[in-house]
1. Given the conditions (1) free of Cβ contacts under 8 Å to residues at least 40 places away in the same chain; (2) of a type outside the set (Phe, Trp, Tyr); (3) crowded, with 18+ Cβ neighbours inside 10 Å, report the number of the one that SER160 does not fulfil.
2. From the list VAL186, VAL208, VAL221, which residue is part of a strand (DSSP E or B) and surrounded by fewer than 24 Cβ atoms within 10 Å (Cβ to Cβ)?
3. Condition check: modelled with pLDDT under 95 and within 23 Å of PHE83 (Cβ to Cβ). Does ALA164 satisfy that?
4. Please specify each residue of the stretch 195-228 satisfying the condition of being at pLDDT 90 or above and over 22 Å from ALA93 (Cα atoms).
5. For the stretch 51-64, how many residues are at pLDDT 80 or above and closer than 26 Å to HIS88 by Cβ?
6. Does SER179 qualify as being more than 20 Å from GLY87 (Cβ to Cβ), out of contact with any Ser or Thr (no Cβ under 8 Å at 6 or more places or on another chain) and at pLDDT 95 or above?
Amino acid sequence: MQRVSAGDDGMMTLSLVFEDLMLKAHRPPPATDGGPHFVFDGNVLTHHEFQYFLANVGEPVIVAGGALQEPNLVQLFDSRDAFEDWGHNTRFAFQFEMIEEIIRRHRYSQHTEEVRPAVGLISNTPLEQESSSIPVVWRQGDKSSASLFEGKNFGGREISVGTAAINDLADLDFSDTTSSATVRGVLMLSDRINFGGYRFYITGDPIVQVPDLKRWGFDKVARSAILI
């Protein structure tokens, strides 16, 4: 974990913040508006602490929704490697690996260096294999699809896509635009073109609705996407 020194504002180092949180592991969830509850290493974070986490951890990873079998919890990890180790043992391991393979092939064809982006994830179904050892397989008629919306609560301009890899959403006049989404399948959004930067995964089995991406710090930043 990246250690952060105290700044001019006198804030504690990130490690001290987490040590302090160890004393708060069983405090009541802070969200009073029905929003997600952020958990790191068994400790519930306030929204301010969550923002501090995102700002100061080098490769933050967010796992939300049914992935935790409690749809209003958001689990935080402080490295992408931790997410990948976890992802290989989920019901969506095949879909995650397909997305990684698409990105590898794209970077090879573009001769671009691989980076280690951050990762976030929303799911409406339990992902751990303990809950089901059967991989997610959609019926032939259940084709993957996603609708991205300019406004929250599925308002404003909209684009709909099927199974695809879109290396630049500007080609569809939708870069830095998405505020809400509905997804059937596994959708990966990233905040850079060519699938670089921070990655945000949304899984739908069979379908998931995300009315406000701002809650997960990903409002109007998507610049590329892969839907499997």
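1. Among (1) free of Cβ contacts under 8 Å to residues at least 40 places away in the same chain; (2) of a type outside the set (Phe, Trp, Tyr); (3) crowded, with 18+ Cβ neighbours inside 10 Å, SER160 violates only (3).
2. Exactly one of VAL186, VAL208, VAL221 is part of a strand (DSSP E or B) and surrounded by fewer than 24 Cβ atoms within 10 Å (Cβ to Cβ), namely VAL208.
3. Criteria not met by ALA164.
4. PRO211, ASP212, ASP219, LYS220, VAL221, ALA222, ARG223
5. Final tally of qualifying residues: 1.
6. yes
The values are calculated or read from the model by the stated rules, or taken from the named source; none is laboratory data. Every value quoted in this text rests on a predicted model; they were computed, and no experiment measured them. Cβ sites come from the backbone with ideal geometry, for glycine too, and all protein chains shown count toward neighbours.
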